[in-house]
Structure formats: C-alpha cells, structure tokens
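First comes the structure, then the notes that go with it.
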Amino acid sequence: MPRTFAVTRDILVEASPSAVYDQVSRLSQMGRWSPENLGATVPGGDVPAHVGMVFEGHNKRRGFRWTTRCTVTAADPGRRLAFRVHAIGIRRPRLKAPIATWEYRFDAKGGGTRVTEAWTDDRRSWPTLVADVFDRVATGGKTFAAFQVGNIDRTLRNLKRELEAPTRP
C-alpha cells in the first residue's frame, strides 16, 4: 500500500476568519486545542506568527515528550498560516531534518469560517518500510497519516468548541 504523505480536514466555525486566525496564529496557545501539542516557545511571547519566525513546539504522546523547531512559512492574516517542522529532540531539537509541514486555511463561509488544517509528511527520503515501522511504533499501531486524521479532527473540534462558546461576563 502506498504511503500517504498528506492529510487535510476541515470544520465550520461560527466566527470570522480574522477572529479564528488571531487565535490560531498565536502558536504559544496551540496546546489549548491540540491533543498532542503542549504549546510553543515563541520569541516575544504570545504574539501572532509572522513569516520567518522560528519557534519551538512542545509535544507529548503516551507519556513521551519531545520538542521540535519550526519556521513559519506563511502568515496571511485571516487567510492562511503555515509552518514547517525541521528539527526534533527530547529537550532541545538537535536532530535536523525535514519532518512535516502544517497549514491552516481560513475561508469565509456564510457568517463563519471554514477552517482547514493540513499535515504533510516531509520525510520523503525515508524508505516506506522504515517509515511504516517507525510510524506504527510511534503512534501505537497506525500510520502517521491515519494518526494525524484523529489529531486534526480533535484539534478542530476543540477550536470550534472554544471559539463558539458563549462569552462570559
């Protein structure tokens, strides 16, 4: 079976594209929605992403924690945010290699926003057999593509729930 190198999922959020982008582009806050990401260390703190910004993402899965180094490749307010993951390590991202690209698109739909989250596997140089074995060990038996479908769906549902929640006085 051929390897799946990209996964895309979307959800309709009853908020404007600029409001959704404002939240998602604050990468230090991503842990609020993601089942795996704990947030990020961003230069300047809780600021919106900008092209060229380098940050460290903090992650966990089944008790295992690691850190990634990422660079923002697109930051078009209210429209698109993307970053590539290019280093990984336990406490510090020491191993440099293409790992993945993440992209978020924000499209006006009625009175809300169609939020699309996409993951691309950038480990193209890995032989399929090696990637398959690694992925199944790292995800508890799934390919990374199948695993990311679940993560993305949970992230988008959590984002929708938070942004559509009634404002508290």
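Observations on the model:
- Evaluating residue 154 against the criteria (1) over 13 Å from the mean Cα position of the chain (by Cα); (2) open to solvent by 50 Å² or more (accessible area, probe 1.4 Å) leaves one unmet condition, (1).
- Test: residue 68 is open to solvent by 10 Å² or more (accessible area, probe 1.4 Å), under 30 Å from residue 142 (Cα atoms) and free of Cβ contacts under 8 Å to residues at least 24 places away in the same chain: no
- On inspection, residue 123 fails the criterion of being on the phi < 0 side of the Ramachandran plot, open to solvent by 20 Å² or more (accessible area, probe 1.4 Å) and either at pLDDT 95 or above or not acidic (Asp, Glu) (or both).
- Within the range 36-58, the set of residues being touching a helix residue (DSSP H, G or I) at 6+ places or on another chain (Cβ under 9 Å), at negative phi and open to solvent by less than 70 Å² (accessible area, probe 1.4 Å) comprises 36, 37, 40, 42, 47, 48, 49, 53, 55, 57, 58.
- For the criterion of being closer than 16 Å to residue 4 by Cβ, surrounded by fewer than 13 Cβ atoms within 10 Å (Cβ to Cβ), of a type outside the set (A, V, I, L, M) and free of Cβ contacts under 8 Å to residues at least 60 places away in the same chain, residue 166 fails.
- Listed conditions (1) outside any loop (DSSP other than H, G, I, E, B); (2) of a type in the set (Val, Ile, Thr); (3) closer than 25 Å to residue 143 by Cα are all met by residue 4, apart from (1).
Listed here are the residues, each with its yes/no results for (1) open to solvent by less than 80 Å² (accessible area, probe 1.4 Å); (2) in a helix (DSSP H, G or I); (3) in contact with a helix residue (DSSP H, G or I) (Cβ under 8 Å, 6 or more places away or on another chain).
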residue: 73; (1), (2), (3): yes, no, no
residue: 78; (1), (2), (3): yes, no, yes
residue: 86; (1), (2), (3): yes, no, no
residue: 98; (1), (2), (3): no, no, no
residue: 115; (1), (2), (3): yes, no, yes
residue: 137; (1), (2), (3): no, yes, no
residue: 148; (1), (2), (3): yes, yes, no
residue: 158; (1), (2), (3): yes, yes, yes
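The values are calculated or read from the model by the stated rules, or taken from the named source; none is laboratory data. Predicted model only: the values in this text are computed from it and were never measured. No Cβ is skipped: glycine too gets one built from the backbone with ideal geometry, and neighbour counts run over all protein chains shown. Calculation scope for accessible area: heavy atoms of the full protein, side chains included, ligands and nucleic acids excluded. Shrake-Rupley method; radii C 1.70, N 1.55, O 1.52, S 1.80 Å.
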